[in-house]
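Everything below concerns the one structure shown next.
The values are calculated or read from the model by the stated rules, or taken from the named source; none is laboratory data. Remember, predicted model here, so these are calculated numbers, not experimental data. Heads up, the Cβs are rebuilt from the backbone with ideal geometry, glycines too, and the neighbour counts pull from every protein chain shown. Remember, those area values only see protein heavy atoms, side chains included, never the ligands or the DNA or RNA. Shrake-Rupley method; radii C 1.70, N 1.55, O 1.52, S 1.80 Å.
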Amino acid sequence: MAALDFRLFATGILDLHQQEELKQKNVKTYIEAAQFIREQGWYTENELACEVSQRYHTPYFDLNYFDVSSIKEELLKEKLSEKHQVLPLYLRGRTLFLATVNPSNVSAQEDFQFSTGYNVEYLCVEASKLHQAIETAYASEEGQLDLDDFDEQELSGIEVGEDKTEDTAETASNDDAPIIVYINKILLDAIRRGASDLHFEPYEKSYRIRFRIDGILHEVAAPPANLSTRLAARLKVMSRLDIAEKRKPQDGRIKLKISANKSIDFRVSTLPTLWGEKIVMRILDSSSAMLGIDVLGYEKEQKQLYLDALNKPQGMILVTGPTGSGKTVSLYTGLNILNTPERNISTAEDPVEINLDGINQVQISTKAGLTFAEALRSFLRQDPDIVMVGEIRDLETAEIAIKAAQTGHLVLSTLHTNSAAETLTRLLNMGVPSFNIASSVSLIIAQRLARRLCKHCKSPLETLPTDKELVEFGFTTEQLSELTLYEPVGCELCSAGFKGRVGIYEVMPISGDMASIIMREGNSLEIAAQAQKEQVPNLRQSGIRKAIAGLTSLGEVSRVTSY
């Protein structure tokens, strides 16, 4: 990895005081430098990239509108990209265009020119987008995208776990080798297609494997039903579970090492059903925790409200939504912003999905007596600054979390409710005194994930609903003028017209008037009405903004915000 060249920031981008602060931070990469600059409020990532672009007379390029999978394989040079933190994008004639955050790095141009034989020019991009693009580009080069390139020996040789154990094909029987190859290919295919969950489901006369892609389940394979036991046994061996125990649910993890420097974690859950064990695997993507708040889909005002709440020395931030709505990513993003050497951060999670350096993460174990409440009590004896509770499930946990928020700690947690307003009444129904809620909760975020329209094939909606129908849906009369909405079409680059997901948020700060409603134990309808008076967009209104911006369809907004 190339050393960080502070000369980049000495061209008027940062003043002398800011440069000194950045040096003292001891950052090692431009990704870390850009994150620190963003956290200090000197520049947003986009402003920094545009400023560097202007100072070095280098064109700015938005990687959001570039398909990384379109990069020609002959241009990809993984070692050079890692060394210089650049990514080759495309050829124009005999000129190769490289994405970079540091146009002053001449050695990268020289190395790529020597390696490829092309002239090289730079394009300025945001640091986090470049980091994600490099991960995506070289993950595909490492074998996730071209499964047909794997032969049986290669697929069965994929390592499981931290070390080489009895689970590799070399120690398996010949009868099990085809099952090993088949399972490995299924797992790699799930990674390639961007699945979040895998479902292995046995029935009386059939067997079904499904992937959850962008929040929707798709059937991908139907192996013979008589393989049910062997498929379950292989998955349990990989997860370090008891293969003899078939009557009780079990939980485990898999670390799938697919190359020398790339591994993927899976969380595994087994459930005995009428015709065998159903196994569900969740792909744990550690890169999602490092995306940064700018790419999560918050509106500008919503992002500022979240950042303001994170910067408070005490109080409680609650994130709410159904399972799979992105609550964990929102919390981890906040924790990463707060994660500095000056702060002591502890989390209690069930389960711990993603490991975060610099944060003390505790795995809840009810069998061992380590509950959320017990973990919280221990945290408060360990001089914490910030505490994250995976979920507030009962009155005991809620009371300890609120006590922590009232005694100089910042507390982040989640609840399962439909809207921000209902979160407050849920706490009241648990038995938390109203004055404790009013004095401790500072911000509530309700969120959903909607499928993002494929930018390559989305099409303007030819026949719009009537104005009356749109107003009933939630549009304002101002939004109806020159309105363009889009619908999914479908192409070879997407799934039924959608690719990826976008967050829809309701970010509700607790104002004095809301606190008054809480104190007199008002219901969620009164709180929601007060939020509207204070111009806090609800989930439906936020979703409509995403539809008007062409990010998602009206049908998706209806699907994820109807409750």
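Only protein heavy atoms count here; on that basis, with a 1.4 Å probe, residue 399 has an accessible area of about 90 Å². Think of it as helices only: each DSSP H run of n ≥ 4 in the chain is worth -39500 (n - 2.57), and spread over all residues that comes to -10500 deg cm²/dmol at 222 nm.
Quick one: dipole size for the stretch 292-335, taken about the Cα centre, charges +1 on Lys/Arg Cβ and -1 on Asp/Glu Cβ, in debye to the nearest 20.
Working: 4 positive and 4 negative charges, 23 e Å.
Using only the charged Cβ atoms, the result is roughly 100 debye.
Semi-axes of the equivalent ellipsoid for the stretch 242-401, please: Cα gyration tensor eigenvalues, times 5, square-rooted, ordered largest first, whole Å.
Calculated on Cα positions only, the semi-axes equal 30, 21, 16 Å.
Over all other residues within a Cβ to Cβ distance under 12 Å of residue 128, the charged ones net out to -3, with Lys and Arg as +1 and Asp and Glu as -1.
Of the peptides 452-461, 100-109, the ranking by mean beta-carbon count within 10 Å, highest at the top, reads 100-109, 452-461. Cα centroid separation, the stretch 467-488 to the stretch 510-560: 18 Å.
Quick check on packing: order 223-232, 117-126 by the mean number of other C-beta atoms within 10 Å, highest mean leading. Intermediate values should be presented prior to the final figure.
Values: 223-232: 15.5, 117-126: 19.9.
Order by mean packing, descending: 117-126, 223-232.
Considering only alpha-carbon pairs that sit under 8 angstrom and 6 or more positions apart, the relative contact order computed for the stretch 184-237 is 25 percent. Using heavy atoms of the protein chains and a probe of 1.4 Å, the accessible area assigned to residue 403 is about 120 Å².
Residues with beta-carbon under 11 Å from that of residue 116, excluding residue 116: net charge, scoring Lys, Arg +1 and Asp, Glu -1? List each step's numbers first, then the result.
Values: positive: 72, 77, 94; negative: 74, 111.
Its environment carries a net charge of +1.
Quick one: of the DSSP bridges fully inside the chain, what percent are antiparallel, nearest 5? Write down the numbers at each step before the final one.
Values: 55 of 85 bridges.
Close to 65 percent.
Since only 515, 456, 539 are under comparison, the one whose Cα sits farthest along the positive direction of the charge dipole of the stretch 432-553, derived from C-beta charges on Lys, Arg, Asp and Glu, is 456.
Using only alpha carbon pairs under 8 Å that are at least six residues apart, calculate the relative contact order of the chain and give it in whole percent.
9 percent
Charging the Cβ of each Asp and Glu at -1 and of each Lys and Arg at +1, and nothing else, the dipole of the chain about its Cα centre rounds to 780 debye. Put 56, 207 in order of accessible area, highest first, and with a 1.4 Å probe you get 56, 207. Measuring between their Cα centroids, the stretch 288-358 and the stretch 390-413 lie 16 Å from each other.
A viscosity of 0.890 mPa s and a temperature of 25 °C, combined with the Kirkwood radius over Cα pairs in Stokes-Einstein, give a translational diffusion coefficient for the stretch 364-492 of 132 µm²/s.
For the stretch 477-563, what is the relative contact order in percent, using Cα pairs closer than 8 Å and at least 6 residues apart in sequence?
On the way: 67 pairs, mean separation 31.1, N = 87.
That works out to 36 percent.
Its Kirkwood hydrodynamic radius, worked out from the mean inverse distance over all distinct Cα pairs, puts the chain at 26.0 Å.
Anything over 29 Å Cα to Cα? Flag those among 236/367; 257/455; 205/236; 248/499; 246/499; 278/327, in the order listed. The pairs that break the limit, which is 29 Å between Cα atoms, are 257/455; 248/499; 246/499.
Protection proxy ranking of 58-66, 531-539, by the mean of other Cβ atoms within 10 Å over each peptide's residues and highest first, is 531-539, 58-66.
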